[in-house]
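Notes follow once the structure below has been shown.
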Amino acid sequence: MVLSAGDKANVKAAFGKIGGQAEEYGAETLERMFAAYPQTKTYFPHFDLGKGSAQVKGHGKKVAAALVEAANNIDDIAGALSKLSDLHAQKLRVDPVNFKLLGQCFLVVVAAHNPSLLTPEVHASLDKFLCAVGTVLTAKYR
Amino acid sequence: MVHWTAEEKQLITGLWAKVNVEECGAEALARLLIVYPWTQRFFDNFGNLSSPTAIIGNPKVRAHGKKVLTSFGEAIKNLDNLKGTFSKLSELHCDKLHVDPENFRLLGDILVIVLASHFTKDFTPACQATWQKLVGLVAHALARKYH
């Protein structure tokens, strides 16, 4: 699965429009993921996962920042996320199946906040982009 | 045995009452074919699927989307018996249509995104969680008779 020039343009434009709301989207993505896929909470036993949790907001901000960084370096996502890839392989070891769940929730957040942004073409490009990010983050697992 | 809380049932039926099944079904199927192009393999006889615009405007896609989502509506009327409701359709998808059940999961996720875009802030995390549960159970029921 390869990101075409069109995909890259769609992703960059989408994140451009999302702009400063990315942090908020990150937090809501996590909130939705914990609600819809309770098994994902097992990676956060040390967090308060209650509504409005500052820890979830903080972590959502980190997740969003990584997505923005990937989008801004879309020609070399592996390079841009290399340290995060190491972290996930060596320390976090989040099972690869969970990246799809996070991706689904991120798309739902975009759809819910900005439906006109998520045309079918942009939906396709963002889905591919999120897959690519997941692939990079799990690339060094074994 | 599936268990639905009263709140979950309300989140499902309440939202469904406001869904335009034809529009929503058409959009969900079109997005499936666009976002996951390999799913087009089941629709060789649908004519022009060469671009997102062609897919969205394709009358067979619209009609089939409506059919699929109408069937989904049956699930909602029978939340306590999804297995029974989809038993024959499960056999059909296995024996005649030869559809990999993974496609039901893909369509379910797309449907959730379409609902989110239509209902925006009303599609709360609790609402999404309930609908992810429903689409997962429908996919499971449709896969149940596979052999």
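From the list A:Leu84, A:Leu92, A:Leu49, A:Leu117, which residue is aliphatic (A, V, I, L, M), within 14 Å of chain B (Cβ to nearest Cβ), surrounded by fewer than 21 Cβ atoms within 10 Å (Cβ to Cβ) and more than 17 Å from A:Gln21 (Cα to Cα)? Explain how you work it out, then say what you get.
Working: A:Leu84 fails: within 14 Å of chain B (Cβ to nearest Cβ); A:Leu92 fails: within 14 Å of chain B (Cβ to nearest Cβ); A:Leu117 fails: more than 17 Å from A:Gln21 (Cα to Cα).
Unique residue meeting the criteria: A:Leu49.
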Exercise for review: Could you please find all residues in the stretch B:110-140 being more than 7 Å from every other protein chain (Cβ to nearest Cβ) and not in a helix (DSSP H, G or I)?
Suggested key: B:Thr124
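Laboratory data are not the source of any read-out in this text; all were calculated from the coordinates shown. Since the model is a prediction, treat every value here as computed from it, not as a measurement. Please note: Cβ atoms are built from the backbone with ideal geometry, for glycine as well, and neighbour counts cover all protein chains shown.
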